[in-house]
Amino acid sequence: MSARPVPFSLAAQCILHVDSLFLEPHLDGGALRYRQVSLPVSHSGRTTDSDEETKSIDLLNLTPETDVEVLINQIVFEEPLISENKKDTLRGMIYKLMEKIDNKDSQRFYLFKILRAHILPLTNCAFNKSGSKFITGSYDRTCRVWDTLSGEELLTLDGHKNVVYAIAFNNPFGDKIVTGSFDKTARLWDANTGQCLHTLKGHHTEIVCVAFNIQGTHVATGSMDNTAKLWDVDTGQQIASLEGHSAEIVSLNFNTDGDKILTGSFDNTAKVRVLSYGQCLHTLAGHRGEISSTQFDFTGDYCITGSIDRTCKLWDVNNGQCMETLRGHTDEVLDVCFNTTGNRLVTASADCTARVYNVMTGACISILIGHEGEISKVQFSPNGYKIITASSDRTCRLWSVETGECLQVLEGHSDEIFSCAFNYEGDTVITGSKDNTCRIWKDNFFTPAEEEDQYSG
């Protein structure tokens, strides 16, 4: 993939930047973020931003145990933009990043705010990239935008005529929102003003899943009418109708490059399609029950499917072959998730457990036992050391990836929790429940002054 680099005007200084997948000009320069770890460096002998050179350096294997001096020497040797006299700057930046990704045994989350978000039950919630805002969908036919720090409702996105079921920000930008509804339409909104930009019409039944590509140019919708549709974000026009499934589409994802889409269906199959011509590249067949969830890994070379047949399958996207069938659950697999480097995946099940697998070997490395109800949602922390699970037992739990130890139980909701998410810094968690509340949880390293500085920049 060809990245569009940030044109930093910092004259030969190195900026440590951890971004999700690629860099865009209107992202905040110098901010620390997770997902794909990269180091943009900038050097210019001229005065205009357009003349600057930039280079991303992958540091995906950086851990708290990394030999920093060896890494620095390797970077300086391989990257002509970084001179010997910048070693001290580089060293400080790497140590700062290692602090951020360190597995903080002392990290604990506390309840920061309770938001009684809607008058009718919630359906979903999601952060923007920085975690400064989040959105909630509801049976009350609206989507609401919230300020994470203050808990203030910023916008009500009103216009759907039935349940707002699926919602998403166009991360990493965060300036648009898509909502999918049981009224058979999706809507694109301006995330700053609340203006409805486009109403996406064409499905014949309820829309139950939505996704932006990471480039922000396309949005996909999946429906109970057995189709997915691809739309142009700028114009709101339908680009393609993706047909071929014989039952409802309940999951869809773009790959990192934005040139493929993965759909999972109740017809027991998933399909990988190439967007340039809209045709099916592979049908991933082999499950004996309905697909519940799907995901690409960050490279786009592999994908996973979870099924009510109690298994998860790992697939090679290039040839459509099943590489591993991951067994062990005694009830339906309800959610699946890769970590950010793609070497671990986690499955969540109605058997009240989650399982962590080594992607390369297919071995189960830990079983997360402790919930007393089905687990419907699971996610890795940005640094990959922890997992959060949401359960019908009214709790969320935080777990150690490698040992399976339960590190903390987030309690307080009075009904089933159906959604949970980390922000990209890993210091904030949001939980959504059928008790009609969202809870914001902050870790014990959080101070309001630091948060305000972060979001004001």
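Selection of first residues in region 318-340 that are within 28 Å of N61 (Cβ to Cβ) and of second residues that are open to solvent by 40 Å² or more (accessible area, probe 1.4 Å) and assigned to a loop (DSSP other than H, G, I, E, B), restricted to Cβ pairs under 6 Å at least 6 apart or on distinct chains, gives the following pairs, ordered by first then second residue: C322/G286; T340/R35.
Restricting to region 283-331, name every residue that is touching a Leu at 6+ places or on another chain (Cβ under 6 Å) and acidic (D, E). Correct list: E324 only.
When residues in region 283-307 are screened for being surrounded by fewer than 19 Cβ atoms within 10 Å (Cβ to Cβ) and free of Cβ contacts under 8 Å to residues at least 40 places away in the same chain, 5 of them pass. In region 73-92, the condition of being small (G, A, S) and at pLDDT below 75 is met by no residue.
Does V164 qualify as being touching a Gly at 6+ places or on another chain (Cβ under 6 Å) and open to solvent by less than 10 Å² (accessible area, probe 1.4 Å)? The answer is yes for V164.
Every condition in (1) open to solvent by less than 10 Å² (accessible area, probe 1.4 Å); (2) modelled with pLDDT under 90; (3) touching an Asp or Glu at 6+ places or on another chain (Cβ under 9 Å); (4) under 30 Å from G258 (Cα atoms) holds for L97 except the one numbered (3).
Give the residues of region 112-131 that are in contact with a strand residue (DSSP E or B) (Cβ under 6 Å, 6 or more places away or on another chain) and either among the hydroxyl-bearing types (S, T, Y) or outside any loop (DSSP other than H, G, I, E, B) (or both), sorted by residue number. Residues satisfying the conditions are F112, K113, I114, L115, R116, L122, T123, N124, C125, A126, F127. Taken over region 373-398, the criterion of being open to solvent by 20 Å² or more (accessible area, probe 1.4 Å) and either of a type in the set (S, T, N, Q) or more than 18 Å from the chain's Cα centre (by Cα) (or both) is satisfied by E374, S376, Q379, N383, S392, D393, R394, R397. Note on region 223-243: among residues that are outside any strand (DSSP E or B) and among the hydroxyl-bearing types (S, T, Y), the one that is farthest from Q279 (Cα to Cα) is T235. Scan region 223-235 for residues that are within 16 Å of I177 (Cα to Cα), crowded, with 16+ Cβ neighbours inside 10 Å and out of contact with any Leu (no Cβ under 6 Å at 6 or more places or on another chain) and the total you get is 2. Among the residues of region 322-329, some residue qualifies, meaning at least one is open to solvent by less than 60 Å² (accessible area, probe 1.4 Å), within 24 Å of T256 (Cβ to Cβ), more than 19 Å from the chain's Cα centre (by Cα) and not acidic (D, E). For the condition open to solvent by less than 40 Å² (accessible area, probe 1.4 Å) and farther than 23 Å from G131 by Cα, G370 qualifies. The set of residues in region 347-373 being outside any strand (DSSP E or B) and either among the acidic types (D, E) or over 22 Å from T299 (Cβ atoms) (or both) consists of A350, D351, C352, T353, I369, G370, H371, E372, G373.
Is it the case, given these coordinates, that I94 is farther than 30 Å from D183 by Cα, outside any loop (DSSP other than H, G, I, E, B) and in contact with a Leu (Cβ under 6 Å, 6 or more places away or on another chain)? So I94 fails the test. Taken together, the criteria place S130 among residues that are over 22 Å from A220 (Cα atoms) and modelled with pLDDT under 95.
The criterion of at least 1 residues that are in contact with a strand residue (DSSP E or B) (Cβ under 9 Å, 6 or more places away or on another chain) and among the small types (G, A, S) is met, among strands (runs of 3 or more DSSP E) falling completely within region 270-346, by 270-274, 291-296, 302-307.
Restricting region 244-260 to residues that are open to solvent by 20 Å² or more (accessible area, probe 1.4 Å) and in a strand (DSSP E or B), the residue that is farthest from I167 (Cα to Cα) is K260.
Only a single item in (1) open to solvent by less than 60 Å² (accessible area, probe 1.4 Å); (2) closer than 20 Å to A220 by Cα is not met by N268, and it is number (2). If you go through region 182-198 and keep only what is of a type in the set (V, I, T) and in contact with a strand residue (DSSP E or B) (Cβ under 6 Å, 6 or more places away or on another chain), you end up with just T185. Selection of region 132-152 for residues being over 18 Å from S419 (Cβ atoms) and assigned to a strand (DSSP E or B) yields only D147. Return yes when Q321 is farther than 20 Å from L398 by Cβ and at pLDDT 95 or above and no when it is not. Considered against the rule, which asks whether it is farther than 20 Å from L398 by Cβ and at pLDDT 95 or above, Q321 comes out as yes. The number of residues in region 374-408 that are of a type in the set (F, W, Y) and modelled with pLDDT of 95 or more comes to 2. Considering only residues in region 183-222 that are under 17 Å from V164 (Cα atoms), assigned to a loop (DSSP other than H, G, I, E, B) and polar (S, T, N, Q), the one that is most open to solvent (accessible area, probe 1.4 Å) turns out to be Q195.
The values are calculated or read from the model by the stated rules, or taken from the named source; none is laboratory data. Values in this document were obtained by computation on a predicted structure and should not be read as measured data. Neighbour counts are summed over all protein chains in view; Cβ atoms, including those assigned to glycine, are modelled from backbone coordinates with ideal geometry. For accessibility, only protein heavy atoms count, side chains too; no ligands or nucleic acids. Shrake-Rupley method; radii C 1.70, N 1.55, O 1.52, S 1.80 Å.
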